[in-house]
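Q: Dropping a structure here in C-alpha cells format, bear with me for questions.
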Amino acid sequence: MDEKDQEILERSETIAIDYLKETYDLDVTITRRQMLPKMAMSRVSIYGYITGNEDQTFIISINYETGLKEMFAYSPEFKKALLVKGFTL
C-alpha cells in the first residue's frame, strides 16, 4: 500500500470515529479498514465495535473524496446499546 492510500485510510478512520462520537457519544475500537477498488468507488469501509463491548459491532463507509458517511450498518447488540442511550433508529 502506498503512502497516499495509507493517508486515505487514516483520514477515513478519523472521520468514522468522529461521526460516531459526535452523533452517538460513543467510544469505538476499530478492527479493520478496507479501501474498495478505486475504479469502482471512492469508499473506505471501517469495521469496529463499541469499546468494551465486542459484540456491539458496526461497519461504516466513508467517501474519501467528500469526507462524508455513505453507509452505516450495525449488529442487533449495537442497536440495543443506542436504544438504551435514548436514540431512535
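Q: Kindly report the accessible area of the chain per residue (heavy atoms of protein chains, probe 1.4 Å, no ligands, DNA or RNA), in Å².
A: So the chain comes to 62 Å² accessible per residue, rounded to a whole number.
Q: Return the FRET efficiency for the residue pair Glu10, Ala40: r is the Cβ-Cβ distance, R0 is 22 Å, and the value is rounded to the nearest 0.05.
A: 0.55
Q: Same structure, new question: Would you mind checking the tilt of helix 3-24 against the longest principal axis of the Cα atoms of the chain, expressed as 0 to 90 degrees and rounded to 10?
A: Around 20 degrees separate the two axes.
Q: Could you order Ile17, Ile46 by accessible surface area, starting with the largest, using a probe radius of 1.4 Å?
A: From most accessible down to least: Ile17, Ile46.
Q: How large, in percent, is the carbon and sulfur part of the accessible surface of segment 1-88 at a probe radius of 1.4 Å?
A: Of all accessible area on segment 1-88, carbon and sulfur atoms account for 50 percent.
Q: Restricting things to Cα coordinates, could you compute the convex hull volume per residue of segment 1-74 in Å³?
A: Once divided by residue count, the hull of segment 1-74 is 85 Å³.
Q: Here is a follow-up. Using θ = phi - 60° and the Karplus relation 6.51 cos²θ - 1.76 cosθ + 1.60, list the HN-Hα couplings for segment 42-47 in order, rounded to whole Hz, with x at every Gly or Pro.
A: Values per residue, Gly and Pro as x: 9, 9, 10, 9, 10, 10 Hz.
Q: Here is a follow-up. Taking amide hydrogens as modeled 1.01 Å from N in the peptide plane, which residues meet the under 5 Å criterion relative to Tyr64, leaving out close sequence neighbours?
A: The answer is Arg43, Val44.
Q: Sequence gap at least 6, Cα distance under 8 Å: using those rules, report the relative contact order of the chain to the nearest whole percent.
A: For the chain, the relative contact order is 22 percent.
The values are calculated or read from the model by the stated rules, or taken from the named source; none is laboratory data. All of these numbers come straight from a predicted model, not from anything done at the bench. All Cβ positions, even for glycine, are placed from backbone atoms using ideal geometry, and neighbour counts span all protein chains on display. All accessible areas refer to the heavy atoms of the entire protein, side chains included, with ligands and DNA or RNA removed. Shrake-Rupley method; radii C 1.70, N 1.55, O 1.52, S 1.80 Å.
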